[in-house]
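Undergrad: The structure that follows is given in the form of structure tokens.
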Amino acid sequence: MNKLENADIMQIYKKSNNIVNDIQNIIETSQKSAYRAVDTILTQRNWLIGYRIAEEELAGENRSEYGANVIDKLSKELTAIYGKGFDRSNLYHYLKFYKAFPLIVDMSCRQLKIRLSWSHYRTLLQVHDEVARKWYEKEAYEQTWSVKTLQRNINSQYYYRILKSQKKELIEKEMLEKTIGYQNDKLEFIKNPIIAEFLGLSNNSDYTESDLEKCIITNIQKFLMELGKGYAFVARQQHIKTEKEDYFIDLVFYNYLMKCFVLVDLKIGKITHQDVGQMDMYVRMYDELKKSIDDNPTLGVVLCTETDDDIAKYSVLNGNEQLFASKYKLYLPTEQELRDEIETQKTMFYLQQKGKNKL
């Protein structure tokens, strides 16, 4: 980390002629310093967990099989004690992290060489080419890339394009232009769901929803509960992690008449194939992680706010379309009911905004 990151905020403070700007700088510098301190400890913790698992793995005769059994057992026991954050996927990430970056913690003298956030390192684990991974790590640190910038550059094969290009400055210019929006997100620290989870805090959905979304989602939640068809509320803005991205499912219910989870996701604008594909991913993950043997397959509902024939799409996988047609429709609202409810809430929202503007 650079000197600014390690410095005491008293040393960084400089007085100007604008008291508001001065206090704003004090507040934002303090928030960033606190975040970095927490994130450094989180990264160190995850490395140490990976280090300890690797030691245990080496003790087994059949190392890969023994390591898998260790992780499976640890996942169950740690989840029972601490709850979120210690499923098998995360523990494998911690082990991969240690193996990919074995030297960022010096165990002999207890010194740290951690330069990036845990979210950066987790993203770097996608890069299997060690030379490319080290290059991305170096650039992310020196150019202060945000996590989204790093992810975009890995996805676009930025390293290999720079390596092969005769005009590197053009590729760099294009990258800077396309990632400028990722670099100016002042709330990135606060919004990080991994930090909230590490500290045992609940994620603040205000940062992931627009005013229109919050209005529609709140009333869709009430609408489904008031149907009286077996809906039990489970979660709002439920955090789902993949290797590359953090997702938030708008609403999650369990329907005890259908005996299945019902996931609802709202899209501002016209529904796309990507939206339906994302919901299918949510459904698969829920079937794998949440569904019990006695539960029916998870059902996903994708809503969009544009009025057309695609206002609502239902997703049920594993060849259960007939089950959906014969049973689920008894307890689900129709597309027309959902369409009417969305349109009602949109109208109310815009009328409220119009009234506020007049005031």
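Undergrad: Restricting attention to the range 172-231, which residues are basic (Lys, Arg) and modelled with pLDDT of 70 or more? Lay out the reasoning, then the answer.
TA: Here is the first cut: in the range 172-231, the ones basic (Lys, Arg) are 173, 178, 186, 191, 214, 222, 229.
The answer is Lys173, Lys178, Lys214, Lys222, Lys229.
Undergrad: Residue check, Lys241 against (1) open to solvent by 30 Å² or more (accessible area, probe 1.4 Å); (2) out of contact with any helix residue (DSSP H, G or I) (no Cβ under 8 Å at 6 or more places or on another chain), all met but one. Which one?
TA: Of (1) open to solvent by 30 Å² or more (accessible area, probe 1.4 Å); (2) out of contact with any helix residue (DSSP H, G or I) (no Cβ under 8 Å at 6 or more places or on another chain), only one is false for Lys241: (2).
Undergrad: If Arg36 satisfies every condition in (1) open to solvent by 80 Å² or more (accessible area, probe 1.4 Å); (2) within 21 Å of Glu142 (Cα to Cα) but one, which is the exception?
TA: Condition (1) is where Arg36 drops out.
Undergrad: Hey, among Ser30, Ser16, Ser75, which residue is out of contact with any Lys or Arg (no Cβ under 7 Å at 6 or more places or on another chain), more than 16 Å from Lys99 (Cβ to Cβ), surrounded by 11 or more Cβ atoms within 10 Å (Cβ to Cβ) and of a type in the set (S, T, N, Q)?
TA: Ser30
Undergrad: I would also like to ask the following. Taking the range 126-152, which residues are of a type in the set (Val, Ile, Thr) and either in contact with a His (Cβ under 8 Å, 6 or more places away or on another chain) or closer than 17 Å to Leu163 by Cα (or both)? Steps first, answer last, please.
TA: Kept after step one, since they are of a type in the set (Val, Ile, Thr), are these residues of the range 126-152: 127, 131, 144, 147, 149.
Listed by number, the residues that qualify are Val127, Val131, Val147.
Undergrad: Now for a different question. Which numbered condition trips up Glu57, out of (1) closer than 30 Å to Tyr159 by Cα; (2) open to solvent by 20 Å² or more (accessible area, probe 1.4 Å); (3) at pLDDT below 90; (4) in contact with a Leu (Cβ under 8 Å, 6 or more places away or on another chain)?
TA: Tallying (1) closer than 30 Å to Tyr159 by Cα; (2) open to solvent by 20 Å² or more (accessible area, probe 1.4 Å); (3) at pLDDT below 90; (4) in contact with a Leu (Cβ under 8 Å, 6 or more places away or on another chain), Glu57 fails exactly one: (1).
Undergrad: Name the single residue, out of those in the range 106-160 being basic (Lys, Arg) and farther than 18 Å from Trp47 by Cα, that is least open to solvent (accessible area, probe 1.4 Å).
TA: Here is the first cut: in the range 106-160, the residues basic (Lys, Arg) are 110, 113, 115, 122, 133-134, 138, 148, 152.
Checking which are farther than 18 Å from Trp47 by Cα leaves us with 138, 148, 152.
Values: Lys138: 90, Lys148: 112, Arg152: 43 Å².
It comes out as Arg152.
Undergrad: Evaluate the range 306-322: report whether one residue or more is closer than 15 Å to Ile217 by Cβ and at pLDDT 75 or above.
TA: No, there is no match, as no residue in the range 306-322 is closer than 15 Å to Ile217 by Cβ and at pLDDT 75 or above.
Undergrad: Continuing with this model, one more query. Give me the pairs: first residue in the range 230-244 and over 15 Å from Arg284 (Cα atoms), second residue modelled with pLDDT of 80 or more and hydroxyl-bearing (Ser, Thr, Tyr), beta-carbon distance under 7 Å, and six or more apart or on different chains, which are they?
TA: Gly230/Tyr256; Ala232/Tyr254; Ala232/Tyr256; Val234/Tyr254
Every residue, every condition in (1) within 24 Å of Asp87 (Cβ to Cβ); (2) surrounded by fewer than 20 Cβ atoms within 10 Å (Cβ to Cβ); (3) under 21 Å from the mean Cα position of the chain (by Cα), yes or no:
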position: Val234; (1), (2), (3): yes, yes, yes
position: Phe253; (1), (2), (3): yes, no, yes
position: Tyr256; (1), (2), (3): no, yes, no
position: Gly277; (1), (2), (3): yes, yes, yes
position: Asp280; (1), (2), (3): yes, yes, yes
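Undergrad: All but one of (1) open to solvent by 20 Å² or more (accessible area, probe 1.4 Å); (2) without any contact (Cβ under 8 Å) to a residue 60 or more places away in the chain; (3) closer than 20 Å to Val147 by Cα hold for Arg88; which doesn't?
TA: It is condition (3) that Arg88 fails.
The values are calculated or read from the model by the stated rules, or taken from the named source; none is laboratory data. A quick note: this is a predicted structure, and the numbers were derived from the prediction, not measured. Using ideal geometry, Cβ is built from the backbone for each residue, glycine included, and neighbour counts are taken over all protein chains shown. Protein only, heavy atoms only, side chains kept; ligands, DNA and RNA dropped before computing areas. Shrake-Rupley method; radii C 1.70, N 1.55, O 1.52, S 1.80 Å.
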